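The values are calculated or read from the model by the stated rules, or taken from the named source; none is laboratory data. What you see is a predicted model, and the numbers here were worked out from it, not measured in a lab. Counting neighbours? That spans all protein chains shown, and the Cβs are built from the backbone with ideal geometry, glycine included. Protein only, heavy atoms only, side chains kept; ligands, DNA and RNA dropped before computing areas. Shrake-Rupley method; radii C 1.70, N 1.55, O 1.52, S 1.80 Å.
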Amino acid sequence: MHRVVITGAGTVNALGHDVQDTLAAMREGHCGIGALDFQDVERLSIQIGGQVRGFEAEGRYNRQQMSLYDRFTQFTLAAAKEAIAQSGISFSGDLAAKSGVVLGTAGGGVSTWDANYRSVYEEGKNRVHPFVVPKLMNNAAASHVSMEHNLKGPSFTVSTACASSNHAMAQAFTMVRSGLAPVMITGGSESMLCFGGVKAWEGLRVMSKDACRPFSANRNGMVQGEGAGLFVFEDYEHARKRGADILCEVVGFAMSSDASDIVMPSKNGAARAMAGALADAKVNRDQVGYINAHGTGTAANDKTECAAVADVFGPHADKLMISSTKSMHGHLIGGTGAVELLACIMALRDGVIAPTIGYEEPDPECALDVVPNEAREAKVDVVLSNAFAFGGMNAVLALRGV
């Protein structure tokens, strides 16, 4: 079995258009959630979100590319470019033939669906652009990353709602660890912040109208975000031989299915995923110092996750730090685990624990150290990143500092 390390990271999200700005915002406890700005937003009852501001796609991509790139693909390509540049890797020959891309997304080209439904149904047009299908398909972003960077190995997209990114990164980890691929580009992206995307989520009645407050007793729902997080997962020996700067090591993962309810989370399913990740990583529970929580800000998720943490970690749960960065960048649905992994890397590499902002009132059912409102300096050796999705699909990653 091969050791797997991360040698590059890239992102676009509501906190920043790159990793440096994103981590600075996390350290400062900055909130990227604000008033939404798009067509027909006034018709929505939910008008806030973690929208990416100032991302000028026209300055990055030419006209032909814009006809093929939905917003979620635009974010993905920008994040991939940053991650690969940081890694310093170049794909050619045998390395290109064996390396690939595994990305997560829940909705794919939602903005493209929305615009073309509007065109056909509201405006009465009888034709759509010939590239609508390749623009909106869920695998579009992975395909364009593979083409842009000459990645000819295994490339595909995983779609498991809010766990999509973690499931994708778990698959990439497995491929590198098994020796199937020396390098994998992985992570996820999402852009549902358009009229149709938000309107659909309104129907679930799980959205907050004012703020995302994970673990706080007065929380009243989740807030959507958008963006992408991309990483270079690489065989340790390959990275060492080429002198790469290693950000951290991925040491384990686990996946579980609740097999109980399509929307209500299960404590047992979440607990099995966390315990499985620890077992796969071969680390004891008392070695874990930080958990980046799924922490959506809904009453059901937060208390269920805290109960699962308590079950898995026992007395050590009281010594753990657990925070939800969704309070800052919003819930990126299929892309959320990827952006949250940045907070895990920051904890391991910089000794900075991202806070849970918006925390106002203690909740007895969430009586853990949720790092309220302000970042904290602390040395941690092992961290977990949790993702628990609608459909009862759970995926947890374990990382270690190097």
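Could you tell me which trypsin sites (Lys or Arg not before Pro) in the range 1-81 are loop residues by DSSP with no more than 14 other beta carbons within 10 angstrom of their beta carbon? Display every interim value, and only then the final one.
Details: sites: R3, R27, R43, R53, R60, R63, R71, K81; in loops: R3, R53.
Here the sparse-neighbourhood loop sites are R53.
In terms of solvent-accessible area of protein heavy atoms at a 1.4 angstrom probe, what is the ranking of E122, E28, highest value first? Each step should come with its number before you reach the end.
Details: E122 120, E28 140 Å².
Result, largest first: E28, E122.
Choose one of V41, C194, S146: the residue whose Cα lies farthest towards the positive end of the charge dipole of the chain (beta-carbon charges +1 Lys, Arg; -1 Asp, Glu; about the Cα centre).
The Cα lying farthest towards the positive end belongs to S146.
I need the phi-derived Karplus couplings for the range 137-144: 6.51 cos²θ - 1.76 cosθ + 1.60, θ = phi - 60°, integer Hz, Gly and Pro marked x.
Computed from phi, the couplings for the range 137-144 are 5, 4, 8, 4, 5, 4, 5, 5 Hz.
For the chain, what is the charge dipole size about the Cα centre, in debye to the nearest 20, if Lys and Arg each add +1 at the Cβ and Asp and Glu each add -1 at the Cβ? Intermediate values should be presented prior to the final figure.
Details: 34 positive and 42 negative charges, 187 e Å.
It comes to approximately 900 debye.
Positive end of the dipole of the chain, charges at C-beta (+1 Lys, Arg; -1 Asp, Glu), about the Cα centre: which of F91, A307, F231 has its Cα farthest in that direction?
The one lying farthest along the dipole's positive direction is F91.
Please work out which option in (i) 20.7; (ii) 22.8; (iii) 24.1 gives Kirkwood radius over Cα pairs in Å calculated from these coordinates, and answer with its label.
Label of the calculated value: (i).
Give, rounded to the nearest 20 debye, the magnitude of the charge dipole that the range 1-121 has about its Cα centre when Lys and Arg contribute +1 at Cβ and Asp and Glu contribute -1 at Cβ. Write out the running numbers ahead of the final one.
On the way: 10 positive and 12 negative charges, 63 e Å.
Roughly 300 debye for the range 1-121.
Would you kindly state how much longer the chain becomes between A378 and K125 on full extension, computed as 0.36 nm times their sequence separation minus their alpha carbon distance, in nm to one decimal?
Details: separation 253, 0.36 × 253 = 91.08 nm, distance 5.79 nm.
Contour length minus Cα-Cα distance gives 85.3 nm.
To the nearest 10 square angstrom, what accessible area does H144 show with a 1.4 Å probe?
30 Å²
Sequence-distant or interchain residues sharing an amide H contact under 5 Å with Q51, placed H: which?
Placed amide hydrogens put G34 under 5 Å from Q51.
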